[in-house]
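Heads up: the structure comes next, in structure tokens.
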Amino acid sequence: MNRQSILLVEDNPDDIALMLHALSDNQIANPVVVVEDGEQALQTLFGAAGQAERGVPALILLDLNLPKRNGLEVLRELRNHPNTRLVPVVILTSSLEPSDRLNAYQAGANSYLRKPVDFDEFVHVAQQVGSYWLRLNQPAVDN
Amino acid sequence: MLIPAEVATRHVAHREGYARAAQPRPMGMGLSLSGRRKDGSQLPVEISLSPINTAEARLIFCAVRDATERRATERQIRRLNEGLERQNTELQAVNNELEAFSYSVSHDLRAPLRAIDGFSKILQSSLEGSLSERDSDYFNRIRKAAQNMSKLIDDLLTLARVTRADVKLASLNLSRLATAVADRLLENQPERNVTLQIAPDIKVLADPALLQVAMENLLGNAFKFTSTKEKALIEVGCMSKDGETVVFVRDNGVGFDMNYADKLFTPFQRLHSASEFPGTGIGLASIKRVMSKLGGRIWAESSVGEGATFYLQFARIGAEQ
Ligand SMILES: Nc1ncnc2c1ncn2[C@@H]1O[C@H](COP(=O)(O)OP(=O)(O)O)[C@@H](O)[C@H]1O
Ligand SMILES: [Mg+2]
């Protein structure tokens with residue numbers, strides 16, 4: 001993973017395939033690293049205990065409902081760690097539950113999006129996220 | 001009335017203690033007192049004491065009441081309360097389970113729909129050119145079905161959320177809310193010619209989240225069922241009925257047959273075909289629940305082709321605790 005990468009944390013293989021398709025439909029060329037549960041996400045970012053630290057991605061797309069460590073736990077750990085404290089994290093989830101939204105923002109999410117069922121909208125969401133967070137937005141630390 | 005044998009000695013000391021600082025009071029506060037019948041059996045009693053000072057001596061009046069029935073009633077109330085508490089705990093558990101259930105419904109039922117819609121669209125695009133018109137139509141039907149089911153899930157979740165919502169009543173400006181909801185609907189259908197007449201400053205006693213659900217559904221319906229009209233007119237107004245606030249939402253749309261008027265408020269009941277007016281039939285059922293939670297009610301008037309009017313009666317402002 002390098003500073004241009006997108007880290008996609010998503011456990012549903014269909015959603016992974018759809019997201020990769022939507023990103024490439026939108027000519028978003030950043031390399032995408034996919035991990036399928038919260039524990040892998042943390043390992044990818046911090047390395048296993050004792051190992052050297054890994055690179056920090058340009059953007060993290062984080063599902064909430066994940067095996068092992070859920071999205072909120074991952075987010076809280078990211079925000080506690082100096083290297084990842086400022087990485088843009090966009091929550092991408094099926095849930096619109098008010099409590100999920102509140103908890104995500106309280107844990108330090110930069111944005112909260114619902115994965116639309118309509119694929120045209122899904123592609124649109126991927127395009128907006130890519131152009132906003134990877135091109136328009138100025139990150140806290142230069143990549 | 002005799003004193004039970006086991007307290008007789010103590011009673012003498014207590015009696016003397018009382019006589020030293022006599023004042024009117026019930027005897028043995030906090031204790032359950034017993035008396036003894038002539039035959040030796042005991043009964044629960046309540047005793048009140050009042051001293052009376054006369055020239056010759058101090059008399060102490062002592063009223064003794066048989067408390068058998070009262071104790072029995074108290075025991076029964078306690079039993080009922082315990083039963084209610086148990087039921088309450090059970091209901092709370094069921095409620096938590098339902099909450100977990102709707103949560104998982106919202107996540108787990110939507111994911112496969114996204115896959116169905118998404119991969120249909122991807123296939124349709126990559127096969128473009130080699131698909132017949134009929135094939136394309138089938139792809140569109142698959143996608144439409146997935147999207148309808150997604151809407152159905154959303155509507156059911158709203159209905160469930162309304163049902164378990166905590167209600168916080170406050171005086172709210174319905175006019176402002178209706179305007180915001182209608183503006184959003186207009187934005188989504190800019191090609192439509194819709195005239196809105198919303199009376200200003202309608203105040204009702206309601207909960208903000210619940211009122212939002214009601215207005216979104218009512219105005220959504222008004223927009224939907226006027227979509228076949230060249231010029232749609234949607235009116236939100238207010239009148240007084242027996243001193244209560246009644247808000248109405250009126251449209252000049254297709255209307256409905258009054259013979260089915262009470263069916264409308266049952267989940268899944270629709271009076272129009274899905275091909276002409278898509279929908280899930282859950283909206284009015286949700287509003288009905290909203291209104292009963294707000295201590296009000298909803299009813300409708302219409303005739304086919306003549307538009308429809310929905311009435312919402314709210315609890316009186318000032319009726320909140
Ligand atoms: N403004 C209206 N005009 C005519 N018919 C209406 C109107 N609002 C509701 N209805 C009828 O009541 C039915 C139930 O409404 P609702 O519960 O909101 O479901 P939906 O909008 O999903 O069809 C509708 O399908 C329609 O037949
Ligand atoms: Mg409706």
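Here are a few things to note about the model shown:
- Under 5 Å, built H, 5+ apart or other chain: amide partners of B:L233: B:T195, B:N252
- In the context of the full set of protein chains, the protein assembly as shown has a per residue accessible area of 57 Å² (1.4 Å probe).
- Relative contact order for chain B, counting Cα pairs under 8 Å that sit 6 or more residues apart, in percent: 12 percent
- Convex hull volume per residue, computed on the Cα atoms of region B:124-255, equals 156 Å³.
- Leaving ligands and nucleic acids aside, the B/A contact buries around 1800 square angstrom of accessible area in total at a 1.4 Å probe radius.
- Area accessible to solvent at B:E301, 1.4 Å probe radius, in Å²: 90 Å²
- Largest mean-square fluctuation among A:E73, A:E36, A:E121, in a Gaussian network model of chain A whose springs join Cα atoms under 10 Å apart, belongs to A:E121.
- Taking the longest Cα principal axis of chain B as reference, the axis of helix B:110-126 is set at about 10 degrees.
- FRET efficiency for B:Q23 and B:D66, using Cβ-Cβ distance with R0 set to 30 Å, rounded to 0.05: 0.75
- Cα gyration tensor of region B:5-66 - equivalent ellipsoid semi-axes, whole Å, descending: 23, 13, 12
- For region B:153-175, residues shielded by at least 30 square angstrom of accessible area compared with the chain on its own, probe 1.4 Å: B:R161
- Accessible heavy-atom area order of A:Y132, B:Y103, B:Y18, highest first, probe of 1.4 Å: A:Y132, B:Y103, B:Y18
- Report note on the peptides B:126-137, B:5-16: ranked by the mean count of other C-beta atoms within 10 Å, highest first, their order is B:5-16, B:126-137.
- Taking chain A as a Gaussian network of alpha-carbon nodes connected by springs under 10 Å, the highest mean-square fluctuation of the residues A:V117, A:V90, A:V125 belongs to A:V117.
- Converting phi to 3J(HN,Hα) with the Karplus coefficients 6.51, -1.76 and 1.60 and the offset θ = phi - 60°, region B:221-226 yields 5, 4, 5, 5, 7, 9 Hz in sequence order, with x at every glycine or proline.
- Here chain B is treated with +1 on each Lys and Arg Cβ and -1 on each Asp and Glu Cβ, and its dipole about the Cα centre works out to around 1340 debye.
- Under the criterion of Cα pairs below 8 Å and six or more residues apart, the relative contact order for chain A equals 26 percent.
- Comparing the full protein assembly with the isolated chain, the residues of region A:107-123 losing at least 30 square angstrom of accessible surface (1.4 Å probe) are A:R114, A:V117, A:D118, A:F119, A:D120.
- In chain A, the calculated helix contribution to ellipticity at 222 nm averages -11000 deg cm²/dmol per residue, counting -39,500 (n - 2.57) for every DSSP H run with n ≥ 4.
- Relative to the dominant Cα principal axis of chain B, helix B:8-20 is inclined by about 90°.
- Carbon/sulfur fraction of accessible area - chain A, other protein chains in place, 1.4 Å, %: 47 percent
- Using C-alpha pairs below 8 Å separated by at least 6 residues, the relative contact order for region B:92-164 is 46 percent.
- With DNA, RNA and ligands ignored, accessible area of B:K241 (1.4 Å probe; Å², nearest 10): 70 Å²
- Bins of 5 Å, starting at 0 and running to the largest distance - Cα pair percent for region A:75-124: 5, 20, 26, 19, 15, 10, 4, 1
- Accessible area (Å², 1.4 Å probe, nearest 10) - B:R141: 150 Å²
- Across every direction, the projection of the convex hull enclosing the Cα atoms of the protein assembly as shown has a mean area of 41.2 nm².
- Across the accessible surface of chain B, with the other protein chains kept in place and a 1.4 Å probe, carbon and sulfur atoms take up 53 percent.
- For the protein assembly as shown, DSSP calls about 65 percent of its internal beta bridges antiparallel.
- In angstrom, the C-alpha Rg and Dmax of region B:170-314 are 14.3, 42.
- Computed from Cα atoms, the angle from the helix B:283-293 axis to the main principal axis of chain B rounds to 20 degrees.
- Helix content alone sets the calculated 222 nm mean residue ellipticity of chain B: runs of n ≥ 4 DSSP H residues at -39500 (n - 2.57) each, divided across all residues, give -16000 deg cm²/dmol.
- Ranking B:V247, A:V32 from most to least accessible surface, computed with a 1.4 Å probe over the protein chains only, gives A:V32, B:V247.
The values are calculated or read from the model by the stated rules, or taken from the named source; none is laboratory data. It should be emphasised that the depicted structure is a prediction, and the values quoted were computed from it without experimental measurement. Cβ coordinates were reconstructed from backbone atoms using ideal geometry, including for glycine residues, and neighbour counts include every protein chain displayed. In case anyone asks, the SASA skips ligands and DNA or RNA and just uses the protein heavy atoms, side chains included. Shrake-Rupley method; radii C 1.70, N 1.55, O 1.52, S 1.80 Å.
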